[in-house]
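Heads up: the structure comes next, in structure tokens.
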Amino acid sequence: MSGAGAADRDQVDGSGIRVAIIAGQWHDEIAAGLLAGAQREVERLGATADVIPVPGSFELPVVAKTALEAGFDAAVALGVIIRGGTPHFEYVSDAATSGLTRVAIDTGKPVGFGVLTLDDEQQGLDRAGLPDSKEDKGAEAAHAAISTAVTLRTLRVLA
């Protein structure tokens, strides 16, 4: 399982951190689990979040960039891409991954990567943070974004 060796999600003080959770709408059950996990983690860390639904994973980068430029401190991008019989999977996966990386670098703000690239639906159910899931990738993405935003805030104060 891919979760082996994952870092613990330590408690960080996310108070004052505004998070945009950009949530793709494909694959309802998995997407809902990712979103619920991200929201739980935002609340646990004391940050605040607005949920912005988008049609799918391809739209995540442009909406994340706009949200960060509008004043959010961090973005959490959630999506589900399941391999099919055409090259569509590779194109959308690459566009989402490359686009979100570029958004983080261009804005200087963190983007938590909660885009699942899967061979089948069961892999998503195992990672969606549902009651029977082995992992909670939505919570992990939110933690990464908030923790990084706190680090960046500290670095800017020290500079």
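General observations
- Close Cβ contacts (under 7 Å, 6 or more residues apart or on different chains) running from residues in the range 68-94 that are buried (at least 24 other Cβ atoms within 10 Å of the Cβ) to residues that are assigned to a loop (DSSP other than H, G, I, E, B) and of a type in the set (A, V, I, L, M, F, W, C) comprise ALA74/ILE17; VAL80/TRP26.
- Among the residues of the range 108-136, the one identified as assigned to a helix (DSSP H, G or I), open to solvent by 70 Å² or more (accessible area, probe 1.4 Å) and touching a residue at least 60 places away in the same chain (Cβ under 8 Å) is GLU121.
- Subset of the range 92-112 (residues that are touching a helix residue (DSSP H, G or I) at 6+ places or on another chain (Cβ under 6 Å) and of a type outside the set (Val, Ile, Thr)): ALA95, ALA96, GLY99, LEU100, LYS109, PRO110, GLY112
- Applying the set (1) open to solvent by less than 90 Å² (accessible area, probe 1.4 Å); (2) part of a helix (DSSP H, G or I); (3) modelled with pLDDT of 95 or more to ILE105 leaves exactly one unmet item: (1).
- For the range 94-141, a residue qualifies if it is farther than 11 Å from LEU34 by Cβ and basic (Lys, Arg), and the qualifying residues are ARG102, LYS109, LYS134.
- Test for GLN39: is it touching a residue at least 12 places away in the same chain (Cβ under 8 Å), open to solvent by 60 Å² or more (accessible area, probe 1.4 Å), within 15 Å of ALA142 (Cα to Cα) and part of a loop (DSSP other than H, G, I, E, B): no
- When VAL12 is tested against (1) over 22 Å from THR107 (Cα atoms); (2) modelled with pLDDT of 95 or more; (3) surrounded by 16 or more Cβ atoms within 10 Å (Cβ to Cβ), only condition (2) is not met.
- Residue match in the range 42-51 (condition: at pLDDT 95 or above, open to solvent by 10 Å² or more (accessible area, probe 1.4 Å) and basic (Lys, Arg)): yes
The values are calculated or read from the model by the stated rules, or taken from the named source; none is laboratory data. Note that the coordinates shown come from a computational prediction; the quantities given were computed from them, not determined experimentally. Using ideal geometry, Cβ is built from the backbone for each residue, glycine included, and neighbour counts are taken over all protein chains shown. The accessibility values were calculated without ligands, DNA or RNA, using every heavy atom of the protein model including side chains. Shrake-Rupley method; radii C 1.70, N 1.55, O 1.52, S 1.80 Å.
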